[in-house]
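These notes concern the structure reproduced below.
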Amino acid sequence: MAKRSTHRRIQGRIAGRTGRREVPIKGRRRLDVKKGHRATEIERSGSRAGIQKSLSRLKTQKGVKRELLVPQKDLSKAKEIAQKKDMTVLIQNLSRSRRRIVKRSR
């Protein structure tokens, strides 16, 4: 699926000079950005299905910090979905000024 220019611009901002964009993962899928010990997915659509797919791509990453970027209006929706998936993830708005932390229940 083609990425919009705004999506690519956000990817570049997060990846910086040392990060990788569109990293291949298992199941013929791609992770948006991987930089050091941080895996980042960007989901701009705000749909529940899109957020769930992004979280499933992040769930494949072991031993790294997982980060999901969504529009600010979708922060609580993304937090609710992550809690149902029972995973540890940092959810932030696109400018990274607001955050929600979801911890896995043990």
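Laboratory data are not the source of any read-out in this text; all were calculated from the coordinates shown. Keep in mind it's a predicted model, so treat the numbers as computed, not measured. Positions of Cβ are generated from backbone atoms using ideal geometry, with glycine treated the same way; all protein chains shown enter the neighbour counts.
Normalising the average separation of contacting C-alpha pairs (under 8 angstrom, six or more residues apart) by the number of residues puts the relative contact order of the stretch 15-60 at 30 percent. Among the trypsin sites (Lys or Arg not before Pro) found in the stretch 28-78, those both in a DSSP coil and sparsely packed, with 11 or fewer other Cβ atoms within 10 Å of their Cβ, are R28, K62. Couplings 3J(HN,Hα) of the stretch 66-81, computed from phi: 9, 9, 10, 9, 9, x, 4, 5, 9, 4, 5, 5, 5, 5, 4, 5 Hz, in residue order, whole Hz [Karplus 6.51 cos²θ - 1.76 cosθ + 1.60, θ = phi - 60°; x for Gly and Pro]. When the Gaussian network model of the chain links Cα atoms closer than 10 Å, the mean-square fluctuations of I42, I14, I51 top out at I14.
Note on V23, V70: ascending count of other Cβ atoms within 10 Å places them as V23, V70, the fewest first.
Starting from 0.36 nm per residue, how many nanometres of slack lie between E80 and R17 once their C-alpha separation is accounted for? Roughly 19.4 nm would be gained on extension. Relative to the Cα centre, the charge distribution of the chain, modelled as +1 at Lys and Arg Cβ and -1 at Asp and Glu Cβ, gives a dipole magnitude of about 200 debye.
Considering only V70, L55, G36, and ranking their Cα positions along the charge dipole of the stretch 5-102 that arises from unit charges at the beta-carbon of Lys, Arg, Asp and Glu, the one farthest toward the positive end is G36. On a per residue basis, the convex hull of the C-alpha atoms belonging to the stretch 5-102 measures out at 95 Å³.
In percent, rounded to a whole number, the relative contact order of the chain is 18, using alpha-carbon pairs under 8 Å and six or more apart. Each label was represented as a point 7 Å from its Cα along the Cα-to-Cβ direction; for R8 and K53 these points are 1.9 nm apart.
Relative to the current alpha-carbon distance between S45 and K73, full extension at 0.36 nm per residue lengthens the span by 9.0 nm.
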